[in-house]
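Below: one structure, written as structure tokens.
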Amino acid sequence: MSLEYVLNYLKRKHLENPSFSYALEEEDGGNIFWADPTCRSNYTLFGDTLVFDTTYMRRHPQVPFAAFTGFNHHGQPLLFGCALVLNQSQSSFAWLFHSWLRAMSAPPPPSITLEPDPVIHLAASQVFTQARLRFSLPLIMEKLAHVFQSHPSFESEFLSCVTETETAGEFEGAWDSVVRRYCLEDDHWLQSIYNVRQQWVPVFIRDTFFGELCNENSFFHGFVDGSTTMEMVMRQCEEAVNSWRVKELRADYESNNTSPVLKTASPMEKQAAGVYTRAAFMKFQEEFVEIRENPVNKMSDSTYRVAKFGQGHTVEFESLEEVKANCSCRMFEYSGIVCRHILAVFSARNVFTLPSRYLLRRWTKGAKSSEFSDSSCHESLTVCYDNLRQEATKYVEEGAKSIQIYKAAVVALDEAAKKVAAASSKTRGGGTNGDSYRSDEAQETANGMNHPGVNELQCQGDKERTILELTAELERTGQRCEVYRANLLSVLRDMEEHKFQLSLKVQNARLSLKE
């Protein structure tokens, strides 16, 4: 009865909104997956890392609930999809991952955090072949509860060994020392997690982004627990979604309408306060105020040693074409927030504002905004691509809500294609008005042609070369737009066909009931 309730709920949600996705592995005993349109939008914006959260099904087996989550620009947990894991075989987990990826209609995430379970790990490795897989440290800690109970002081030493060591050799030395001190050489579970240390100890994985800004990383905490029944799962999911939506709106308001307290007069701190969300800025500020406590020693023209109380890090600095720096602590690669060591080198080298490469868009106030400036597109066609992809996803979600909206969407796409073709044709004819995409070189050439001392023949050659470059750029952009249009039309047609097939099934079911 409880499973039937869940299935009826999912069917009803899909009938109300065809963009609501759900999938059944088998009619009886198979896994169930579902995701609403907001889950897809969330993943489009913040799909740079994924957490497959199976905490609930391990703690409360009566409701085998699992969630696909990530983090928004405030570091708050964000929902990408839900599942009931009724079959925990490797093939069933693989089916679940495939179903989720199809529902997202986007590339797989670069990094994934999982339960330290060999079956889940094998299934994830099979589906997400290019992703960096990490085992969840909190879940590892849970499975070490028996050791912590027998040796109360072991937990703090274990955490120190795992989180505070800076090199692989330092970690392995500390691990060996702690294990020997507590005579745990024969503990099977402890040995098994040491054997896979490259997949959960920070020193081995800090070169990969996992998006953790704070400790608030459980989307359904307080909503799914031991008292939750199968009939309650759907309602609790909706309550959790609504609760986090309110929290996100509050965080948006605070970030956009209040100013954080600055602790220095630095233009860099002021810049960060204006760009970052409040949560991201607080993390940045924690690092920034430590600059004075981390003296910088120059080792060579491009290498610096930043040390505090003997514990140091190496920073490689470059400023030939643009300001770049890499630190051995790998904090920026891991979290997207620049570390105190790089900031200390910036200060020593008189870099007074944070280079744009260190302002990760996903942590900014405008992370969810579809607006983008010409200058940002000017810097990289990748920015244009990302913005168009983001807008296209929103367009598909709206266009699939009904047949009427779908038809209007197709007409709008045809109009857009005509405008792109007209713009391309106009540029090929020599037009280069202010709306055209212009490279820095083209702008400099145009400025040079207006200078009274420039040779006329050279000016004409530069002009022709500039027109050719602009034409090539616009043709590439037009080709991308055509690809987007074809993909959108394909998705919309698939959705219309799916809706038609579903309506036939509903009609057949009604006829069966009448009979």
Item to complete: Looking only at region 130-148, decide whether some residue is under 29 Å from the mean Cα position of the chain (by Cα), open to solvent by 40 Å² or more (accessible area, probe 1.4 Å) and more than 25 Å from F97 (Cα to Cα).
Response: no
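Yes/no matrix, rows are residues, columns are (1) more than 24 Å from E212 (Cβ to Cβ); (2) surrounded by 13 or more Cβ atoms within 10 Å (Cβ to Cβ):
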| site | (1), (2) |
| --- | --- |
| E254 | no, yes |
| S300 | yes, no |
| E316 | yes, yes |
| E321 | yes, no |
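Suppose we filter R206, R181 for residues that are touching a Phe, Trp or Tyr at 6+ places or on another chain (Cβ under 6 Å), open to solvent by 60 Å² or more (accessible area, probe 1.4 Å) and on the phi < 0 side of the Ramachandran plot; which single one remains? Give the steps one after another, and end with the answer.
Values: R181 fails: touching a Phe, Trp or Tyr at 6+ places or on another chain (Cβ under 6 Å).
Answer to the check: R206.
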Worksheet entry | Residue within region 50-64 that is polar (S, T, N, Q), in contact (Cβ under 8 Å) with a residue 60 or more places away in the chain and open to solvent by 30 Å² or more (accessible area, probe 1.4 Å) present | yes
Worksheet item: Just for region 185-203: of the residues that are in contact (Cβ under 8 Å) with a residue 60 or more places away in the chain and outside any helix (DSSP H, G or I), which one is least open to solvent (accessible area, probe 1.4 Å)?
Response: W200
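If I filter region 76-91 for residues that are in contact with a Gly (Cβ under 9 Å, 6 or more places away or on another chain), among the small types (G, A, S) and on the phi > 0 side of the Ramachandran plot, do I get at least one hit? Even if it seems obvious, please write down each step before you answer.
Of region 76-91, the ones in contact with a Gly (Cβ under 9 Å, 6 or more places away or on another chain) are 77-80, 86-87.
Remaining after also requiring among the small types (G, A, S): none.
Looking for residues that are in contact with a Gly (Cβ under 9 Å, 6 or more places away or on another chain), among the small types (G, A, S) and on the phi > 0 side of the Ramachandran plot, one finds none in region 76-91, hence no.
Does S91 satisfy the condition of being in a helix (DSSP H, G or I) and farther than 28 Å from A251 by Cα?
yes
Select from region 78-91 the residues that are closer than 13 Å to N42 by Cα and either open to solvent by 10 Å² or more (accessible area, probe 1.4 Å) or among the aliphatic types (A, V, I, L, M) (or both) and list them in ascending order. Step through it out loud before you land on a result.
Step one: filter region 78-91 for residues closer than 13 Å to N42 by Cα, giving 78-81.
Result: L78, L79.
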Item to complete: Starting from region 222-244, take each residue that is of a type outside the set (A, V, I, L, M, F, W, C) and list its partners that are surrounded by fewer than 17 Cβ atoms within 10 Å (Cβ to Cβ), counting only C-beta distances under 6 angstrom and pairs at least six apart or across chains.
Response: G226/H60; E231/S2; E231/Y5
Worksheet item: Of (1) surrounded by 19 or more Cβ atoms within 10 Å (Cβ to Cβ); (2) out of contact with any Leu (no Cβ under 9 Å at 6 or more places or on another chain); (3) more than 19 Å from F223 (Cα to Cα), G75 satisfies all except one. Which?
Response: (2)
Response to the item:
The residue that is most open to solvent (accessible area, probe 1.4 Å), considering only those in region 2-25 that are in contact (Cβ under 8 Å) with a residue 60 or more places away in the chain and farther than 25 Å from G222 by Cα, is L15
Worksheet item: Does S136 satisfy the criteria of being among the small types (G, A, S) and touching a strand residue (DSSP E or B) at 6+ places or on another chain (Cβ under 9 Å)?
Response: yes
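Within region 316-350, can you find the residues that are without any contact (Cβ under 8 Å) to a residue 40 or more places away in the chain and in a loop (DSSP other than H, G, I, E, B)? Don't jump to the end; show me each part of the working.
If we filter region 316-350 for residues that are without any contact (Cβ under 8 Å) to a residue 40 or more places away in the chain, which is where we start, we get 316-327, 332, 342, 349-350.
If the condition is that a residue be without any contact (Cβ under 8 Å) to a residue 40 or more places away in the chain and in a loop (DSSP other than H, G, I, E, B), then S319, L320, E321, E322, V323, R349, N350 are the ones that fit.
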Practice prompt. Spot the failing condition for A265; the list is (1) of a type in the set (A, V, I, L, M); (2) within 19 Å of C329 (Cα to Cα); (3) open to solvent by 40 Å² or more (accessible area, probe 1.4 Å), and only one is missed.
Written response: (2)
Discussion item. Which pairs turn up if I take residues in region 108-131 that are under 11 Å from F93 (Cβ atoms) and look for partners that are open to solvent by 50 Å² or more (accessible area, probe 1.4 Å) and in a helix (DSSP H, G or I) with beta carbon separation below 6 Å, at least 6 apart in sequence or on another chain?
Written reply: V119/Q90; L122/Q90; A123/Q90; V127/H98
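Which residues, counting only those in region 151-178, are in contact with a His (Cβ under 8 Å, 6 or more places away or on another chain) and either in a helix (DSSP H, G or I) or at positive phi (or both)? Let's see the steps before the verdict.
Step one: of region 151-178, the residues in contact with a His (Cβ under 8 Å, 6 or more places away or on another chain) are 166.
Scanning region 151-178 gives no hits.
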Discussion item. Is it the case, given these coordinates, that F97 is part of a helix (DSSP H, G or I) and not charged (D, E, K, R)?
Written reply: yes
Worksheet entry | Members of region 343-371 that are farther than 20 Å from A280 by Cα and either surrounded by 15 or more Cβ atoms within 10 Å (Cβ to Cβ) or at pLDDT 90 or above (or both) | V345, S347, A348, R349, N350, V351
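Taking P108 as the residue in question, decide whether it is surrounded by fewer than 20 Cβ atoms within 10 Å (Cβ to Cβ), touching a helix residue (DSSP H, G or I) at 6+ places or on another chain (Cβ under 8 Å) and not in a helix (DSSP H, G or I). Walk me through how you get there before you give the answer.
Numbers: surrounded by fewer than 20 Cβ atoms within 10 Å (Cβ to Cβ): yes; touching a helix residue (DSSP H, G or I) at 6+ places or on another chain (Cβ under 8 Å): yes; not in a helix (DSSP H, G or I): yes.
So P108 fits the description; yes.
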Worksheet item: Looking at T113, is it outside any helix (DSSP H, G or I) and open to solvent by 70 Å² or more (accessible area, probe 1.4 Å)?
Response: no
Discussion item. One residue is enough: does region 121-128 have a residue meeting the conditions within 29 Å of M234 (Cβ to Cβ), at pLDDT 95 or above and not in a helix (DSSP H, G or I)?
Written reply: yes
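Do we find a residue being surrounded by 13 or more Cβ atoms within 10 Å (Cβ to Cβ) and in contact with a Ser or Thr (Cβ under 6 Å, 6 or more places away or on another chain) anywhere in region 289-297?
Residues of region 289-297 surrounded by 13 or more Cβ atoms within 10 Å (Cβ to Cβ): 289-291, 294-296.
Adding the requirement that they be in contact with a Ser or Thr (Cβ under 6 Å, 6 or more places away or on another chain) leaves 291.
Yes - at least one qualifying residue is present in region 289-297.
Residue by residue, here is whether (1) β-branched (V, I, T); (2) under 30 Å from L360 (Cα atoms); (3) more than 17 Å from the chain's Cα centre (by Cα) holds:
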| position | (1), (2), (3) |
| --- | --- |
| D186 | no, no, yes |
| L190 | no, no, yes |
| I193 | yes, no, yes |
| Q198 | no, yes, yes |
| P202 | no, yes, yes |
| D207 | no, yes, no |
| F210 | no, yes, no |
| C214 | no, yes, no |
| G222 | no, no, yes |
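The values are calculated or read from the model by the stated rules, or taken from the named source; none is laboratory data. On a predicted model such as this, the values are computed, not experimentally measured, just so you know. Please note: Cβ atoms are built from the backbone with ideal geometry, for glycine as well, and neighbour counts cover all protein chains shown. Protein only, heavy atoms only, side chains kept; ligands, DNA and RNA dropped before computing areas. Shrake-Rupley method; radii C 1.70, N 1.55, O 1.52, S 1.80 Å.
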